[in-house]
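The values are calculated or read from the model by the stated rules, or taken from the named source; none is laboratory data. Fair warning: this is a prediction, and the values are worked out from it, not measured in the lab. Note: ideal-geometry Cβ built from the backbone for every residue, glycine included; neighbour counts use all protein chains shown.
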Amino acid sequence: MEGRGEARTRVLALLWHAPQQVIAAGGFRRAFEVLARTPEGFEVVALDDRPTFLGGLGTDRVRVLEFGIPRLLRALEARLFTFERLLEWVVATLAMSWHVLVMRLRGERFEVVYVPSSEQLPALIAGILAGWLFSARLVACNTNIDIFPGHARRLVARMHNTADRVIAISEHLAGELKAYGTRAPIVVNGVGLDVGGIGRARGCGVPEKRYDAVFVGRHDRTKGVFELLDIWGSVVSEREGATLLMIGACAPAVRARLESAILRLGIGGNVVLAGTVPDQEKFEMMSASRVCLFPSRVEEWGIVPQEALACGLPVVAFDLPAYRENISGCPGVFTLPVGDLEGMTRKMVELLGEEDLERFSQTGPEFVSRFGWDGVAEVEFEILAGAGPT
C-alpha cells in the first residue's frame, strides 16, 4: 500500500494483556504480527499495559506507549485471581481512557481507532471512548466470544455495534457475533503462521523426541485442560511412562487444581507443566514431541494445531467448526466429536503405538505453508484504510 507524500493515516491501537512478558494467547500473537507489518502510509500509536508484548516489532511506524497497573493490585492474583482480574479490568479501562483523553487535550488526531483484540473489554471500552473523542472510525477485531459466560456474550456482541467495522477471524465467529446481536458490518480476516520461524526452530531433520504429547494454550476449563489430564491418565494406564508436556499461561488457582488432579490420577511423573515460554523455545519443545493433543472446545481459528502441523506433528482434537475452515483436510489432523474423551484416548494410544509417525514430518508443514502473516496484515490495513473486503 503506497503512502501519499508526507500524509499518513494515523491509527490509535488500544490493547490490554495479562501480566506476562511473552505472548501467551493467539489474539496477542495476531496483533503483534499485524502491527509488525505496518505498511508505508500508516503511523500507529499503540497503547498497551506494562510490560508490553509489542517489544521487538522491528518497525519505526509503530510507537508504543505503556500504562502501568499497580503492583499491589497484581500481587492479589495468586490468592484472589477472579477478583484481581475484574478489578484490573476496571483500572486498565480507567488508565487507558485517561491516556486517550490526555492525547485529545494535547491536540493529537487519529483517523482510525483500532482494537486488535476486542474481547478484551478494557481495550474495547476505551476504544469506544476514543472513537467518539477523536471523531475517528472504530475498527474492532474480535478473536473469541466464547471466553465469556453465555449471558454476557450478548452484551459484549452488542458493544461491537459502536464500531464502524468488525473483523472476525473466522466465518464461524462472524456467525456467532451476528447471532449474539452484532449488527455492525463484519468482515472475516483470519490468522497467519510463522512457518519460517518454526522451520528454523526445528533445525534440520527430525528432532529427538523427548515428549509423547504436547498441549499448548491457556490453562483453563474452556481449553480442556482437565479433560486433557483425564485422557492422559487413561493413556498412561496403557502406555506406562508416556509423557505429556503442557505449555501455556496458568492462573495460580488453576495450577493448584491441575496439580491436585495430577496427584489424584497418579501421573505426577508423566506430566510436565512448563508455563509460558518464548516462541523459539516453544517451537523447539513442540518439535521434540510426538503428537499434539488439543481437547479445546472454544477455538475460532486454531493456531496451536497449525503450529503443531508446521512442527511436523499429527494433531488430535475435537471436531470444531473453525477447523473445518482451515485444517480439516490435512491427513495429519484427527478430529473426534466434542466431548469424546474415550475416542481421543484410543486415537492417542493408536498413534503412540505407531513406529512411523515421522511420515507427518512433511505432510503437516506442506499443508500449513499456505497460511502466512503477510496476507493477513495486508487485508487488515486495507480495512483500517476504509477499504478491504465487505
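Brief remarks follow.
- Any hit, region 96-109, residues being in the same structural domain as residue 41 (by TED's automatic domain parsing) and under 25 Å from the mean Cα position of the chain (by Cα): yes
- Helices (runs of 4 or more DSSP H) lying entirely in region 294-390 (those with 1 or more residues that are farther than 28 Å from residue 187 by Cα and touching a Phe, Trp or Tyr at 6+ places or on another chain (Cβ under 6 Å)): 341-352
Residue by residue, here is whether (1) within 30 Å of residue 43 (Cα to Cα); (2) modelled with pLDDT under 95; (3) assigned by TED's automatic domain parsing to the domain that holds residue 226 holds:
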| site | (1), (2), (3) |
| --- | --- |
| 304 | no, yes, yes |
| 307 | no, yes, yes |
| 324 | no, yes, yes |
| 332 | no, yes, yes |
| 340 | no, no, yes |
| 343 | no, no, yes |
| 347 | no, no, yes |
| 358 | no, yes, yes |
| 378 | yes, no, no |
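- Residues of region 123-152 that are at pLDDT 95 or above, part of a helix (DSSP H, G or I) and either farther than 20 Å from residue 183 by Cβ or within 23 Å of the chain's Cα centre (by Cα) (or both): 123, 124, 125, 126, 127, 128, 129, 130, 133.
- When region 134-182 is filtered for residues that are under 23 Å from residue 110 (Cβ atoms), touching a helix residue (DSSP H, G or I) at 6+ places or on another chain (Cβ under 9 Å) and surrounded by fewer than 18 Cβ atoms within 10 Å (Cβ to Cβ), the ones remaining, listed by number, are 162, 164.
- Residue within region 239-249 that is under 16 Å from residue 215 (Cβ atoms) and part of a helix (DSSP H, G or I) present: no
- In the set (1) at pLDDT 90 or above; (2) farther than 18 Å from residue 126 by Cβ; (3) surrounded by 13 or more Cβ atoms within 10 Å (Cβ to Cβ); (4) over 22 Å from the mean Cα position of the chain (by Cα), residue 40 fails one condition alone, (3).
- Scanning region 67-86 for any residue that is at pLDDT 90 or above and assigned to a strand (DSSP E or B) turns up at least one such residue.
- Unique residue being of a type outside the set (Ser, Thr, Tyr) and buried (at least 20 other Cβ atoms within 10 Å of the Cβ) when the list is 337, 321, 314: 314
- Qualifying residue in region 235-243 (condition: closer than 24 Å to residue 198 by Cβ and not basic (Lys, Arg)): yes
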